[in-house]
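For reference, the structure is listed below as structure tokens.
The values are calculated or read from the model by the stated rules, or taken from the named source; none is laboratory data. Remember, predicted model here, so these are calculated numbers, not experimental data. Here the Cβ is made from the backbone with ideal geometry for all residues, glycine too, and neighbour counts use every protein chain on show. Ligands, DNA and RNA are excluded from the accessible area calculation, which covers all protein heavy atoms including side chains. Shrake-Rupley method; radii C 1.70, N 1.55, O 1.52, S 1.80 Å.
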Amino acid sequence: MSVSTSQPSGARLKIKEMPATERPRERMRLLGAQALSTTELLATLLGSGNQGASALTCAQVIFEQSGGSLGRLASMPLATLTRVRGVGRARAAAVHAALELGRRMAGEAREAGQPLRGPRDVASAYAPRLQDLPVEEFHVAILDAQHRLERDVLVTRGLLNSSLVHPREVFREAIAERAAAVILVHNHPSGDPTPSAEDRAVTEQLVAAGRLLDIPVHDHVIVGRGRYVSFAEAGLL
């Protein structure tokens, strides 16, 4: 079933019916992408509407379906997007791809050489990428002697358990990079970063392995939606 909501009269206009200077692509060419609203950027990404719905109409409906949050939009299944009238699989995939590129760019800007001196720094570096993911990801931040982030390693994607997050996988890259220390990071898709029993068991196992390898685990930070929990701050290491 197609999603349909009432739209402002301007949004019902086909883009080709709008004055040239008001069309999103023309405004982007003249003023730059930063001058466009989120809806206009989405419309530009969609390209054109169909089935009686303009690209602007489709974009506005998509943004409303996500509650006005790009983070929530990024975590919406493709099937949900394709229920919006005028949005097929190709356009839904384009939206997901663009948002993933944005997330990776945000992470890229925070990675190489960034000092991680406390859990707030860790959350700042990882939350933009992790807090709205629909599944758990377990990362290892490899640090040098000055606590700078040398490399981010994705260990596993999916449910966190001790059989998947094995010390061999966690410390392989840390050993190769001659890491001074590591920080463990993962997200809770529920948005609640409270550590589970499995989180505690995995952390205990990895901290013990780090001691044997002389690569200390400085912290395990769980990222939720808008907040985080640090094992070091909570006295759980």
| query | Taking the condition within 26 Å of Arg225 (Cα to Cα), of a type in the set (Val, Ile, Thr), assigned to a helix (DSSP H, G or I) and touching a Ser or Thr at 6+ places or on another chain (Cβ under 8 Å), does Val61 pass? | reply | yes
| message | Given the criterion in contact with a helix residue (DSSP H, G or I) (Cβ under 7 Å, 6 or more places away or on another chain) and either open to solvent by 40 Å² or more (accessible area, probe 1.4 Å) or closer than 30 Å to Ser54 by Cα (or both), identify the matching residue among Ala90, Ala145, Ala98. | response | Ala98
| query | Is there any pair linking a residue in region 202-227 that is among the hydroxyl-bearing types (Ser, Thr, Tyr) to one that is buried (at least 20 other Cβ atoms within 10 Å of the Cβ), with Cβ under 7 Å and at least six apart or on different chains, and which? | reply | Thr203/Leu184; Thr203/His220; Thr203/Phe231
| said: I'd like the full set of residues that are in contact (Cβ under 8 Å) with a residue 12 or more places away in the chain and surrounded by fewer than 17 Cβ atoms within 10 Å (Cβ to Cβ), limited to region 50-67. | reply: Asn50, Gln51, Gly52, Glu64
| task | Name every residue in region 214-228 that is open to solvent by less than 80 Å² (accessible area, probe 1.4 Å) and either over 18 Å from Val155 (Cα atoms) or at pLDDT below 95 (or both), in order of residue number. | result | Gly224, Gly226, Tyr228
| query | Would you say Gly235 is open to solvent by 10 Å² or more (accessible area, probe 1.4 Å) and without any contact (Cβ under 8 Å) to a residue 12 or more places away in the chain? | reply | yes
| field | Subset of region 183-200 [surrounded by 15 or more Cβ atoms within 10 Å (Cβ to Cβ) and either closer than 20 Å to His166 by Cβ or of a type in the set (A, V, I, L, M) (or both)] | value | Ile183, Leu184, Val185, His186, Asn187, Pro195, Asp199
| task | Could you list all residues from region 197-237 that are among the aromatic types (Phe, Trp, Tyr) and part of a strand (DSSP E or B)? | result | Tyr228
